[in-house]
Amino acid sequence: MSPKANGARRRIVDAFWSLCTQKRPDQITVREVAQAAGCNRATFYLYFKDLRQLLDEEEAELLENHRRLLDLLSNSLPRLDPTDVVKLFTYSGGSGDGPDPRIALLAGPVGDPAFRENIKHTMKLFLRPHLRDTGPYAEYTLEYLCAGLLSVLGMHMQQTQAPPDAAFLTYLVHLISDSLGCTGQRGEA
């Protein structure tokens with residue numbers, strides 16, 4: 001793909017994510033994305049069949065990066081630090097080293113339910129060995145922890161349209177520390 005074509009595609013994707021901060025992905029139109037990207041609908045259709053394809057490709061990339069991050073952490077962490085748990089819900093594991101707002105948008109209450117379930121599933125697999133409670137209610141604890149964190153992160157993104165900052169991550173650490181067998185001081189970020 002030529003640099004110019006790659007730039008147009010990137011503008012389309014960026015415009016889509018920008019619009020996602022204002023409305024649900026299923027309420028966005030191709031016309032809105034093209035207009036926000038500074039191109040016409042024909043240019044959009046050069047790269048994507050429809051908005052669902054754009055969203056599916058972005059979700060697949062985020063989930064793959066997230067799984068890679070989980071694999072890396074699974075192999076390197078003897079014990080889980082509470083701040084790592086929160087980062088796992090906000091970092092995609094891609095090339096960026098900061099929180100990825102796309103995850104909170106897609107996994108939040110107005111995001112994509114299929115993406116939310118996929119990321120919750122991978123998080124449960126990763127967190128299960130670190131759970132303090134291994135009794136009959138362990139799966140309920142995992143669901144509560146994962147669904148709650150995703151919901152809170154999505155709510156935060158809707159209110160601030162910014163990735164979580166250190167103070168907010170510390171707040172989330174307080175919420176989860178008691179459920180997991182984590183190292184470190186409770187509430188440290």
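The values are calculated or read from the model by the stated rules, or taken from the named source; none is laboratory data. Worth saying up front: this structure is predicted, and the values here are computed from it rather than measured. For neighbour counting, all protein chains shown are included, and Cβ atoms are generated from backbone atoms with ideal geometry for every residue, glycine included.
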- Message: Taking the conditions exactly as written (touching an Asp or Glu at 6+ places or on another chain (Cβ under 9 Å), over 25 Å from ILE119 (Cβ atoms) and of a type in the set (Val, Ile, Thr)), does VAL30 satisfy them or not?
- Response: yes
- Would you tally the residues in the stretch 126-145 being assigned to a helix (DSSP H, G or I) and touching a residue at least 40 places away in the same chain (Cβ under 8 Å)? 3
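In the stretch 28-55, what residues are of a type in the set (S, T, N, Q) and out of contact with any Leu (no Cβ under 9 Å at 6 or more places or on another chain)?
GLN35, ASN40, THR43, GLN53
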- Item | Within the stretch 1-90, helices (runs of 4 or more DSSP H) holding 2 or more residues that are closer than 30 Å to LEU172 by Cβ and at pLDDT 90 or above | 3-20, 51-76
- Message: Would you confirm whether or not the stretch 41-57 contains a residue that is of a type in the set (Val, Ile, Thr) and loosely packed, with under 13 Cβ neighbours inside 10 Å?
- Response: no
